[in-house]
Amino acid sequence: MTESESQKLLQNEVKTFEDLENEIIKSNKCCACGACIAYCESQLFDVIEMNGYIPGFKSEKSVDNCTKCGVCYYICPQTKALLKELNDTYDIEDNIGHIVKILAAKTTNSALKKVGQNGGVVSAILTHLFERRKIDAAIVSEFDHNFEPVPKIIFDKEDLFKSAGTRYSISSQIFPLKNLYSIPQEILMKKKIFDIDQLRIAFIGTPCQCRAVSKMKFLHVKPAHVIKYIIGLFCFENFNYTQLYDILVRKTNVDPTKIKKTWIKKNFFIQTRDNKEFEIDIKTLDPAVRNNCHECDEFTGRFTDISVGASGAPEGFSMILIRTDNGEKVINNMLSKGIIEQFIVPFKNTIEWKNKKLDWYNKLISLKTKK
Ligand SMILES: Cc1cc2nc3c(=O)[nH]c(=O)nc-3n(C[C@H](O)[C@H](O)[C@H](O)COP(=O)(O)OP(=O)(O)OC[C@H]3O[C@@H](n4cnc5c(N)ncnc54)[C@H](O)[C@@H]3O)c2cc1C
């Protein structure tokens, strides 16, 4: 700790958005989750906004208008604040995080199977939660007309067909919560919600985004109070949208609007709407990797109820790491009702199978941190 840092601590000075700008945003470590803005706007402080993928003060006057409450700094997933407390809450002792159960599974819904990225497990979980009336809404990601990811709060399971699949660039998943208190009355009435604070949302996001939500929930700050389930996606790295598609277009000549699906399996693959496939050497995409990913030591998403990913899963399945009782109840219920089908590991190999997966994730994490 530097002298000025310890002085600050001694004076019990709260870190503010200006510190966040200096330590995280200006040094290009922001992951653009939108947590700072969602919190600030939900308090009607009207001080910060997102410019593209960069949070900043709305105007020079906003600097004075900032209440300097410091919440934005503490909930930012890129600051070290609250990490120790979160590790204790989630019972974390290693790089992978606490695991109640590890399995591979796929959806048994043939329509979801077609649109899901791997086993369609995330969309199956959300469908199940909607059908069982455990949630009223979910925060997912969709593509806009330019194939750019956009975060969205959805209220119907039918919308999951549009959101399924992976978007390999930032979708600022916490950002839409800034408008929590402006959700139209007719939507709430349809769901028989008379008090917006009673809304129940499932959150889907990358590890950094889940970390922000968990920090918000740890501090009991709005608008994360409406999030009831945190579902994390494995993530080795994410890409800057413009840079990624500049490279992809240069390498393949495919217009982003003509892309049907992208996936990573050692290299980056594109499938077009007319079913042509292109393989791009993953190394050529290095310049498009977001700077904040270089410092990230998460892969499986430690601060979640359930983490889902492709790595280690048999073809057509997703890996599921259950982390909390909340998550365990959901997955057990889905298995017992046949909503997802588990990959059966021969009994004598079960422990060996699990250990292999964990070893592999540890390797990926050390590769990631070395990179
Ligand atoms: C940027 C990124 C990098 C990833 N890297 C890896 C990796 O290195 N190794 C690995 O094993 N898995 C990785 N994944 C996870 C993997 O691609 C699948 O999302 C996961 O296996 C779930 O598949 P599914 O078929 O069960 O989910 P689906 O049923 O297809 O649902 C996927 C869900 O993810 C949401 N989503 C899609 N894109 C984003 C986004 N950019 N931000 C937030 N939410 C999003 C969708 O809205 C949908 O709800 C990555 C995901 C992302 C978003």
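The values are calculated or read from the model by the stated rules, or taken from the named source; none is laboratory data. Fair warning: this is a prediction, and the values are worked out from it, not measured in the lab. All Cβ positions, even for glycine, are placed from backbone atoms using ideal geometry, and neighbour counts span all protein chains on display.
Within the range 60-112, the residues that satisfy the criterion of being small (Gly, Ala, Ser) and closer than 20 Å to Phe218 by Cα are Gly70, Ala81, Gly97. Taking the criterion of being away from the ligand (no atom under 16 Å from the Cβ), of a type in the set (A, V, I, L, M, F, W, C) and in contact with a strand residue (DSSP E or B) (Cβ under 6 Å, 6 or more places away or on another chain), the only residue of the range 85-123 that qualifies is Val100.
Would a scan of the range 162-169 turn up a residue that is out of contact with any Ser or Thr (no Cβ under 8 Å at 6 or more places or on another chain) and of a type in the set (Phe, Trp, Tyr)? Within the range 162-169, none of the residues are out of contact with any Ser or Thr (no Cβ under 8 Å at 6 or more places or on another chain) and of a type in the set (Phe, Trp, Tyr). All of (1) more than 14 Å from the ligand (Cβ to nearest atom); (2) surrounded by fewer than 22 Cβ atoms within 10 Å (Cβ to Cβ) hold for Glu148 with one exception: (1). Annotation: of all residues in the range 41-65 being under 26 Å from the mean Cα position of the chain (by Cα) and touching a residue at least 40 places away in the same chain (Cβ under 8 Å), the one that is surrounded by the most Cβ atoms within 10 Å (Cβ to Cβ) is Glu41.
Table: residues versus (1) modelled with pLDDT of 95 or more; (2) surrounded by 17 or more Cβ atoms within 10 Å (Cβ to Cβ); (3) within 30 Å of Ile92 (Cα to Cα).
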position	(1), (2), (3)
Leu244	yes, yes, no
Thr257	no, no, no
Ile264	yes, no, yes
Phe268	yes, yes, no
Lys283	yes, no, no
Asp286	yes, no, no
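For the criterion of being more than 27 Å from Phe268 (Cβ to Cβ) and either charged (D, E, K, R) or assigned to a loop (DSSP other than H, G, I, E, B) (or both), Lys134 passes. Could you tell me whether Lys134 is more than 7 Å from the ligand (Cβ to nearest atom), in the same structural domain as Glu315 (by TED's automatic domain parsing), out of contact with any Pro (no Cβ under 9 Å at 6 or more places or on another chain) and modelled with pLDDT under 95? Considered against the rule, which asks whether it is more than 7 Å from the ligand (Cβ to nearest atom), in the same structural domain as Glu315 (by TED's automatic domain parsing), out of contact with any Pro (no Cβ under 9 Å at 6 or more places or on another chain) and modelled with pLDDT under 95, Lys134 comes out as no.
Identification of helices (runs of 4 or more DSSP H) wholly contained in the range 181-256 with 1 or more residues that are more than 23 Å from the chain's Cα centre (by Cα) yields 185-190, 241-252. Looking only at residues that are part of a loop (DSSP other than H, G, I, E, B) and hydroxyl-bearing (Ser, Thr, Tyr) in the range 270-326, which one is nearest to the ligand (Cβ to nearest atom)? Once the filter is applied, the top-ranked residue is Ser311. Anything in the range 21-36 that is buried (at least 24 other Cβ atoms within 10 Å of the Cβ) and part of a helix (DSSP H, G or I)? List them, or say none. Selection gives Ala35, Cys36.
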